Each structure stands twice: as C-alpha cells, then as structure tokens.
Amino acid sequence: MQLSKSLLLFAAQGGLVLGQSNSTNSSSSVPWYPLSTDDHFSFVLFEMLSLSNGGGAATGEVMRAASQIEAGNTDSFYNEIKFLADSIHDIAASINETKFPVSAREAYFRSASYYRLSVFYLTANQTDPRLYDVWDLARADFDKAISLTEVRGERLTLKGPGFDIPVIFWKSPKACNGPVPTLLLGSGYDAPQEDSYHALGRETLERGWNFVTYEGPGQPTVRRDQGLGFIPNWWDVVTPVMDYLETRPEVDAKRIALGGMSFGGILAPLTATREHRMAAVLAIDGLSNIQTTAAKTFPAVAIQLFKSGNQTAFDAYMNAARVSPQAPTLFKWFIGQGLWTFDTESPYDWFKRLGDINLDGDKLKNVTCPVFVGKGENDALAGGQEQQVVEALGSKAYLYEFKTALGAGEHCQLGAEPQLAQASLDWLAEVFEGVA
C-alpha cells in the first residue's frame, strides 16, 4: 500500500484545501502572523485569540501560552493551555464577586475558554478522561460567568426525537417592552455553543435582539453527555428549538433567524430545506460538502480505497496514517475529531457519514427564506463552495466576501468578528424590517 510514501506526499500537499501542514510558516499562505511553526497549532491558537474580540480570551495570555507550546506536541499544547486556564480560574475565584462582579465575570469567561481549548486535540483518544473532567471545569466557569452578566444567560434542556438539546437563551433588555427579533446560532464540527457568545452574542444583544445558542448530536455537550454523533436530519434538532422559541413572550416569532458557523454553514441551510419558520438564514461560511474538500487533500490511495468500498483496508490505512509522525497535525486531528463527533471507531463510517450531511443536488431549492452566504477570501476550507451554494439558492442568496487585506478573509472571519457582525447583522436587520 506504500503508506509511508503517500504520507510523505500528503505532508507536502496536505495544506492545499483543509488549511495547513506541519511545515514552517516561511512557505505558508496563512494571512496572519503565525503563532506556531506547526500551522494547525497556529490556526487553533489564532481561533482562540479571536475570542478576545468578545471577551472570551486576552491577547497577552494567549500569546504567552503560544510561545511556550512545542510545535506539533499535543501534550505540550494541553499542558500550557490547561496551566493558563487553571491560573485564570484561580484569579477569578479570588475575586470578591459581590463587590467586583465584572472582574470575576470576565476572568471566568476567559478561564472557561482556555479549559475548552486545552482539550482540543484530546479527541484522538475517545477514552481520555480529561475530555470530560476538564470540560466540566469549563462549563462550571462559564456558568459562573453568565450568572454575573447584566444580560443573564439561561441554560435550558429541550426534548428532541431521541435526544436532549442543550440551549442557552440570552434575553434582550429591550424584550421587557415586548417581543423582539431573535438570532438562533449553531456551531459546527468542533466548536461549543459557549464560543458563539464571544463570536456574535454580544454584538447581537447590543442590537436589541435575543441571542440563543444550541447544540445537537455530534457537538461538544451532546457528544459528551449523551454519547451521540452527528445526524443528517438536522431539522430534528432545530425544530424543537423553534417550537420553544414561539412560546417565549420575548420572541417575535416572525423575526427569528437561524445562523450556522463553520460546519454549521451546512447545517443551517440544510435545516431550512425542511423547517420554514425562519425569517432568514446566515451561512458563515457557505459550505456544501466538507467531505468533498477533504477528499481533495487526501492521498490518492486513500480515496481509491474509500471509493472501492473496502472498509477494512480504508480503516487500516487511515488509522495508521493518523498516528504517523509524518502526517500533518491537521490531518491527524481532522480524522480523530471526526471519529469522536460521529461516535464511531471506523474512519470509513465517519467519512461516509460526513458526506451524507451536504447541500448537494436539489435540496437548496426547498429553502424559502433569504440566506446570507459569507465567504472569506482566504477560506481554504470552503474551497469555493460558497459560489455553488449561491447558485443553487438563486435570488434567495446574498453573497458577501470578506477581504484578506482587512484581516477578515479567514474561515468564519476569525479575528475580524466586528466585520462579520456588521455585514451579517446589518443585512439581517434589513430582512427583519421587511417582515410583515
């Protein structure tokens, strides 16, 4: 099977679409200052750094931790970020929260983010107890933080068909005078709903709208608490949330928008093919099939094995590849994260099911509301799929390209969240204005 030879080729070419390789950044096309010589570490740390825009991190804290992490060493990554999380947690716990609630809140928000980030690469071993223990620390600190916000986050658990749906509802202060618009935002392949508050939550609340987040099977809380992987019928997750929102007196039921970040850029429009009560959809960014973009970066032998339907051979190849020191960090993480989020031990099963969640064919013709399609100019993950989504949606689509020269061209506009909020939420405000 010439595993080592194809892995060497993959190590050289693996950054073409999914993102980065383990090479030094002198040859990297990443459009921001690198935080590690391991490009995937650099991307993940940049993602953490971007939460600073919404109070989920602090630049100096993240930059210091980045300087201490050994490139490509996931144990080093965990140890340094966990040290930072523990340290900021200790600061938060030492604050008299009755006297200084803002200081305590902001520290707890940051420690929660760092706890969540510390376990990012641990999904490669689904039995690692830290996946659960440290996550509980993150959840506890986030809950402490939202108990100290002026706009309190309210945790809820809704019933779906065979699973529970964790929700956080942030009531706009303006809703005291009557129902207001609501943004319901979902995450994607790896991010938790808590991150969404730092990405778009504060900006949404400042516009006088309610902000609501949720998670479904495969996403961090549901995967941990219920042991469930991703499902293709995502409307089964969102419809119970829509049912609930219609019962809330704070919610203008005619002005609910559904947003999706990253892989959620597939899940949100996919939901809208069956669930038609949303006034609008935000696809950030516009994706149609992650399996397709991933396949372009895999070694040819891997794709040949997959297409042959030889599950045993494909599993053996991919399992060997993802533990090889020659494989890029991104490649190893992408597979390990996939096995975790789809709750399977078979790479073949994961990759097949990943492709089942898509916007291919005639599905998008069933969307009845307007759709904002975000496109990062340098977003290698989407690989140009934004245009395919727009063409399939026709007049219902509004395409907005975020520019690399302005620091907004990365996937989901990481690091330029104010630009993302301005473009997407201003567009959404005009849609809401036109709702009868």
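The values are calculated or read from the model by the stated rules, or taken from the named source; none is laboratory data. Predicted, not measured: the structure shown is a model, and the values here were computed from it. Here the Cβ is made from the backbone with ideal geometry for all residues, glycine too, and neighbour counts use every protein chain on show.
May I ask you to say which residue of 69, 95 is touching a residue at least 12 places away in the same chain (Cβ under 8 Å), surrounded by 14 or more Cβ atoms within 10 Å (Cβ to Cβ) and under 21 Å from residue 135 (Cβ atoms)?
Being touching a residue at least 12 places away in the same chain (Cβ under 8 Å), surrounded by 14 or more Cβ atoms within 10 Å (Cβ to Cβ) and under 21 Å from residue 135 (Cβ atoms) holds for just one of 69, 95, which is 69.
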If you take the residues in region 80-92 that are over 16 Å from residue 147 (Cβ atoms) and over 23 Å from the mean Cα position of the chain (by Cα), which one is surrounded by the fewest Cβ atoms within 10 Å (Cβ to Cβ)?
90
Taking region 392-427 as the search range and keeping residues that are touching a residue at least 40 places away in the same chain (Cβ under 8 Å) and on the phi > 0 side of the Ramachandran plot, which one is farthest from the chain's Cα centre (by Cα)?
407
Meets criteria (in contact (Cβ under 8 Å) with a residue 24 or more places away in the chain and either in a loop (DSSP other than H, G, I, E, B) or within 18 Å of the chain's Cα centre (by Cα) (or both)) for residue 320:
no
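Every residue, every condition in (1) more than 13 Å from residue 158 (Cα to Cα); (2) part of a loop (DSSP other than H, G, I, E, B), yes or no:
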site: 213; (1), (2): no, no
site: 216; (1), (2): no, yes
site: 223; (1), (2): yes, no
site: 228; (1), (2): yes, yes
site: 238; (1), (2): no, no
site: 242; (1), (2): no, no
site: 249; (1), (2): yes, yes
site: 255; (1), (2): yes, no
Please verify whether residue 110 is part of a strand (DSSP E or B), modelled with pLDDT of 95 or more and of a type outside the set (Ser, Thr, Tyr), treating the condition exactly as stated.
no
Have a look at 375, 365 and point out the one that is in contact with a strand residue (DSSP E or B) (Cβ under 7 Å, 6 or more places away or on another chain), under 29 Å from residue 401 (Cα atoms) and of a type outside the set (A, V, I, L, M, F, W, C).
375
If I ask for residues that are modelled with pLDDT of 90 or more and not in a helix (DSSP H, G or I), which ones from region 288-317 would you list?
288, 289, 309, 310
Of the numbered conditions (1) β-branched (Val, Ile, Thr); (2) loosely packed, with under 14 Cβ neighbours inside 10 Å; (3) not in a loop (DSSP other than H, G, I, E, B), residue 435 satisfies every one except a single condition; which is it?
(3)
Determine if region 269-277 includes at least one residue that is part of a helix (DSSP H, G or I) and under 30 Å from residue 37 (Cβ atoms).
no
Hey, any hits in region 406-423 for a residue that's farther than 28 Å from residue 305 by Cα, at pLDDT below 95, of a type in the set (S, T, N, Q) and crowded, with 19+ Cβ neighbours inside 10 Å?
yes
Among the residues in region 376-384, are any surrounded by fewer than 22 Cβ atoms within 10 Å (Cβ to Cβ) and either aromatic (Phe, Trp, Tyr) or more than 22 Å from the chain's Cα centre (by Cα) (or both)?
no
Give the residues of region 333-361 that are surrounded by fewer than 22 Cβ atoms within 10 Å (Cβ to Cβ) and polar (S, T, N, Q), sorted by residue number.
337, 344, 346, 358
In contact (Cβ under 8 Å) with a residue 60 or more places away in the chain, within 15 Å of residue 266 (Cα to Cα), crowded, with 19+ Cβ neighbours inside 10 Å and in contact with a helix residue (DSSP H, G or I) (Cβ under 8 Å, 6 or more places away or on another chain): does that describe residue 330?
no
